[in-house]
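The values are calculated or read from the model by the stated rules, or taken from the named source; none is laboratory data. Remember, it's a predicted structure, so these values are computed and weren't measured experimentally. Positions of Cβ are generated from backbone atoms using ideal geometry, with glycine treated the same way; all protein chains shown enter the neighbour counts. Note: areas computed on protein heavy atoms with side chains; ligands, DNA, RNA excluded. Shrake-Rupley method; radii C 1.70, N 1.55, O 1.52, S 1.80 Å.
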Amino acid sequence: MQTDTSGPVDAILYDFGHTLVDFERTEEALLAAYQQISDRLEEVAYMEVPELLDLVERVAGGVDALVTKSYEAGRPEELDHADLLRQSFAAIGFDLPDDLVEHIVFLDHSAYSNSITVEAEMVEVLEGLRATGYRLGLVSNVSLRAELMRADLARLGLDRLLDATVFSSEVGIRKPDPRIFREALRRVGAKPATTVFVGDRLVDDVSGARSVGMRGVQTRQFRREVNPDVVPDAVIDHLRELPPILDGWRGSRR
């Protein structure tokens, strides 16, 4: 869909990982999380628990492999993180009860919570855009639980800057499916023609947003994706470059 970049902008939607934050688990945080998981398993399991590094490789690695396989298959439906963990533990011989899986979901998520940080300048840009009058929202593809993701946003001080958040794990569908973008627009209370989407992925973020009539901006701060079939409406290397672009689209409220 050809988007019109000549009109005003009153709302901005963002991707989360590799757009507002570098969404990677540190080795230290991953090992700490799986040490807690190992300790919990030893309390309740009737079989030997693998060594820590083996547990990380086979379970965390197994979850990552299942997610990657799903994306490579192009399926629009999001996966359930508890099911992913359950499958990965089953693959190494553990048939875990639901209550234990739920506890492990929380412990596994802590590897992300204890790894993710946000730049002070990123927060300042968001504060400035919000003060200018833009409605701000977030749309993220993630199998992780939405309530845990929102707790991360609160810890990072980002929740106060967002009018709405949408995670694929709660709506069941991923970007670039138009339905998740439309749900985000509904929650923010914005129209596609006056909304800009900012993300790092050219197909999922830029092309997906443009398919429903939004403008798509590629950010290359954390990832520099190239796809000759997708031409963003604008490209930035840091979020600080977004306000001048909005001014150029006659979107400034200053």
| query | Which percent of the accessible area of the chain is formed by carbon and sulfur heavy atoms (probe 1.4 angstrom)? | reply | 49
| How high is the FRET efficiency between Asp39 and Arg75 when r is their beta carbon distance and R₀ equals 25 Å, given to the nearest 0.05? | 0.10
| query | Taking the highest mean first, how do the peptides 46-54, 23-31 order by number of other beta carbon atoms within 10 angstrom per residue? | reply | 23-31, 46-54
| note | If each K or R counts +1 and each D or E counts -1, the residues other than Glu124 whose Cβ falls under 15 Å of its Cβ total -1
| Within the P(r) computed for segment 1-93, what percentage of the Cα pairs occupies the region above 21 Å? | 51
| Amide H partners (placed H, <5 Å) of Phe197, local residues excluded | Leu13, Arg215, Gly216, Val217
| task | Estimate the FRET efficiency between Val203 and Asp163 by the formula 1/(1 + (r/R0)^6), using the beta-carbon distance for r and 25 Å for R0, to the nearest 0.05. | result | 0.45
| field | Å² per residue, accessible surface of the chain at 1.4 Å | value | 46
| message | Just to confirm the number: angle between the C-alpha axis of helix 178-188 and the first principal axis of the chain, 0 to 90 degrees, nearest 10? | response | 70
| remark: Taking placed amide H atoms and a strict 5 Å upper bound, the residues 5 or more places from Arg135 or on another chain that come that close are Ala11, Ile12
| With a ≥ b ≥ c the root eigenvalues of the C-alpha gyration tensor of segment 46-100, is it rounded (a/c under 1.5), prolate (a/b larger than b/c) or oblate? | oblate
| request: From zero up to wherever the largest Cα-Cα distance of the chain sits, split into 5 Å bins and tell me the percent of pairs in each. | output: 1, 6, 13, 17, 18, 15, 11, 8, 6, 4, 2, 1, 0, 0
| remark: For the chain, percent of DSSP beta bridges that are antiparallel (nearest 5) comes out at 5
| Degrees between helix 61-72 axis and first principal axis of the chain (Cα, 0 to 90, nearest 10) | 40
| query | Once both axes come from the Cα atoms, what is the angle between helix 81-90 and the longest principal axis of the chain, in degrees from 0 to 90, rounded to 10? | reply | 30
| query | Per residue of the chain, what 222 nm ellipticity follows from adding -39500 (n - 2.57) for every DSSP H run with n ≥ 4, rounded to the nearest 500? | reply | -12500 deg cm²/dmol
| message | Let me understand segment 108-204 better: what is its radius of gyration from the alpha carbons, and its Dmax, in angstrom? | response | 13.6, 39
| note | Expressed in angstrom and rounded, the centroid-to-centroid distance over alpha carbons for segment 183-201 and segment 1-75 is 25
